[in-house]
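Undergrad: Starting off with a structure, shown below.
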Amino acid sequence: MLHPSQLPLCVRAVLLPFQDKIIYDGLLQGYNVLFGSGISSRLKEVYLSAKQRGEIIETLNSSISQPTISVAAKAVKDWSPELEELLTKASKLRGGNGQPAVYSPIFSLIKASLELGQAATLNPDDAERLWKLFAKVEQAVKKVERELH
C-alpha cells in the first residue's frame with residue numbers, strides 16, 4: 001500500500017491486540033507532513049538501535065516483563081580483533097616531514113573514527129563515552145575541513 005519513497009510517514013492508526021500481536025485496523029490516516037532527509041535518517045537510526053536492543057514491542061502480553069531479544073540480535077559479530085588490528089596499524093600513520101599537509105588531520109580522523117568504532121563494539125551502552133569519542137571525531141572532521149579550505 002505504501003511506496004518506500006513515501007516513508008517515513010506520519011499516520012494515525014488504531015492499534016489492536018490480536019493473538020498476542022499488535023495489529024492495526026486496516027485504516028491509516030496520513031498527515032500532510034514531509035520529513036526531510038535529516039529527520040528521516042535520524043528516525044531510521046533510532047529504529048535500528050531500538051531493534052538491535054530488542055526494544056520493539058510486538059506484543060501486548062503482560063507476562064513478558066522485558067523485551068525479547070531476537071536470535072539475530074544475540075548473534076552479533078565480534079569486531080574487536082579487526083578494530084584492534086586497524087588501530088595498531090593506524091597508530092603508525094604520521095603526517096609532516098614533507099608530506100602533504102592534509103595527511104595529519106586525515107590520519108587523526110582515521111584514528112578517532114577507529115576509537116569510536118572500538119568503543120561502540122566493546123560497550124555500546126556507554127553513551128557518555130561514545131558521545132565523547134564522537135565529539136573527537138567531529139573535531140577531527142573540522143580539522144580536515146579547515147585544511148581542505
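Undergrad: Projected area of region 77-148, taken from the Cα convex hull and averaged over every viewing direction, in nm²?
TA: 5.0 nm²
Undergrad: Determine one quarter of the surface area of the Cα convex hull of the chain, which equals its mean projected area, and express it in nm² to one decimal.
TA: Quarter of the Cα hull surface area: 13.6 nm².
Undergrad: Additional query: I'd like to compare 8-16, 81-89: which one has the highest average count of other Cβ atoms within 10 Å, and what's the full order after that?
TA: 81-89, 8-16
Undergrad: Counting helices only, and only those DSSP H runs with n ≥ 4, report the 222 nm mean residue ellipticity of the chain as the sum of -39,500 (n - 2.57) divided by its residues, in deg cm²/dmol to the nearest 500.
TA: Mean residue ellipticity at 222 nm (helix-derived): -16000 deg cm²/dmol.
Undergrad: Please report, ordered by residue number, every helix of the chain (full DSSP H runs) that is 27 Å or longer along its axis going by C-alpha atoms and whose mean Kyte-Doolittle hydropathy reaches 0.5.
TA: 103-122
Undergrad: Relative contact order (percent) for region 77-141, with alpha-carbon contacts under 8 angstrom and 6 or more residues of separation?
TA: 35 percent
Undergrad: When the chain is treated as a GNM, springs tying every alpha-carbon pair under 10 Å, which of Gln52, Gln118, Gln99 comes out with the largest mean-square fluctuation?
TA: Among Gln52, Gln118, Gln99, the largest mean-square fluctuation in the Gaussian network model of the chain belongs to Gln99.
Taken together, the values in this text are just the output of simple stated rules run on the coordinates, not laboratory data. In this text the structure is predicted, and so the values were computed from the model without any measurement. All Cβ positions, even for glycine, are placed from backbone atoms using ideal geometry, and neighbour counts span all protein chains on display.
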